[in-house]
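The values are calculated or read from the model by the stated rules, or taken from the named source; none is laboratory data. None of these values were measured; they are calculated from a predicted model. Glycine gets a Cβ as well: all are built from the backbone with ideal geometry, and neighbour counts include every protein chain shown. Ligands, DNA and RNA are stripped out before the accessible areas are found, and what is left, the full protein with its side chains, is counted by its heavy atoms. Shrake-Rupley method; radii C 1.70, N 1.55, O 1.52, S 1.80 Å.
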Amino acid sequence: MAADFVDFHCHLDLYPDLAELIAECERAGVFTLAVTTTPRAWPRNQELVAESQFVKSALGLHPQLVPARAAELSIWEGLLPAARYVGEVGLDAGPRFAESFDLQKRVFERVLCCCAEQGGKVLSVHSVRAVSAVLDLVERHLPQDRGRVVLHWFTGSAAEARRATDLGCYFSVNARMLAGERGRALVALLPASRLLTETDGPFIEKAGRPLRPTDVADTVKDLAAAVGRDAKATGELIRLNLGELLAFQ
């Protein structure tokens, strides 16, 4: 598989034209990780991408949905043996979700333990206002030889970025992260060998429309500017990083 671009976090099943999006990714050569927010959504996603070269489906249980969906953890566990990719999972300590934080931690702990038991999983992880707690649980429950974590839309501190790097984490960067000076400065601190790109579509928009995986080409250009690299070289770097990540078994 030789992708031209990488969208390592996109909610394809939240677009009205999922089948066309998958075909679009195939034509454009965009490796796309189609994350899900509930385990019930994963089988249909997996069915639709089964013949795709570039689109992969991730088995998720979104932390923001844990208060209503925690009981679906058993469904998630039952599907995990068939899933190489896991996401969106993680923790969210934002004001709207702080009340469920202890329950989120219990669910995420179980997710990590199950992934460690089975081995070979690649996780796309949400960490809003909870990077330290996410890393504590990753360090405790997912050894580096049992799984790989990609921190989606990372907004932690420089110290947390260093800790995440030491734990073997990757970082998927989107257009919103690169839109402001603070975000660009943080991204510039991340190790080049751990960078991936993402859209987080349809939650990020451009010119009044949700981003699509093919829009990640613009993210590569913005990322190149943020880290002081040539855009072509940055694109090649992202592809190499994806190859290193997926080589993990």
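If R0 is taken as 22 Å, the Cβ-Cβ distance between A185 and K206 corresponds to a FRET efficiency of 0.50. Multiplying the residue separation of D17 and E109 by 0.36 nm and subtracting their alpha-carbon distance yields 29.7 nm. Placing unit charges on the Cβ atoms of the charged side chains and taking the dipole of region 103-212 about its Cα centre, the candidate lying farthest along the positive direction among G201, C169, V128 is G201. Accessible area ranking (1.4 Å probe, heavy atoms, ligands and nucleic acids excluded), largest first, for E72, E51: E51, E72. Using alpha carbons only, the radius of gyration of region 28-174 set against its Kirkwood radius gives Rg/Rh = 0.95. Report, by chain and number, residues whose modeled amide H sits under 5 Å from the one on L59, excluding near sequence neighbours (fewer than 5 apart, same chain). Hits under the 5 Å cutoff: Y85, V86, G87. Residue-wise HN-Hα couplings along region 48-61, as the Karplus relation 6.51 cos²θ - 1.76 cosθ + 1.60 with θ = phi - 60° gives them from phi, are 5, 9, 4, 9, 7, 7, 10, 9, 10, 9, 10, 8, x, 8 Hz; Gly and Pro carry x.
As a calculated quantity, the FRET efficiency between E117 and F248 at R0 = 22 Å, using C-beta atoms, amounts to about 0.85.
Look at the alpha carbon pairs under 8 Å that are at least 6 residues apart: their mean separation over the length of the chain gives a relative contact order of 19 percent. What's log10 of I(q)/I(0) for region 3-115 at q = 0.18, 0.19, 0.20 Å⁻¹, Debye sum over Cα points only, no solvent? With one equal scatterer per Cα and no solvent, log10 I(q)/I(0) is -0.86, -0.93, -1.00. Among the chymotrypsin sites (Phe, Trp or Tyr not before Pro) in region 147-177, none sits in a DSSP loop with a Cβ that has at most 11 other Cβ atoms within 10 Å. Computed about the Cα centre, the dipole magnitude for region 11-94 is approximately 200 debye when only Lys and Arg (+1) and Asp and Glu (-1) carry charge, each at its Cβ. Each residue of region 92-104 is assigned a 3J(HN,Hα), and the resulting list reads 9, 9, x, x, 6, 10, 4, 4, 9, 4, 5, 5, 4 Hz, derived from the Karplus form 6.51 cos²θ - 1.76 cosθ + 1.60 (θ = phi - 60°), x at Gly and Pro. For Q144 and E236, a Förster radius of 35 Å and the Cβ-Cβ distance give a FRET efficiency of 0.90, rounded to the nearest 0.05. Under 5 Å between amide hydrogens, built in the peptide plane, is the criterion, and for E205 it picks out L211 among residues at least 5 positions away or on other chains.
Label-to-label distance for R129 and T155 is 0.9 nm, based on points extended 7 Å past Cα in the beta-carbon direction. The charge dipole of the chain, taken about its Cα centre with unit charges on the Cβ of Lys, Arg, Asp and Glu (plus for the first two, minus for the last two), comes to roughly 400 debye. Extents of the chain, taken as max minus min of Cα coordinates on every principal axis and listed largest first, are 45, 41, 37 Å. Under 5 Å between amide hydrogens, built in the peptide plane, is the criterion, and for G147 it picks out G120 among residues at least 5 positions away or on other chains.
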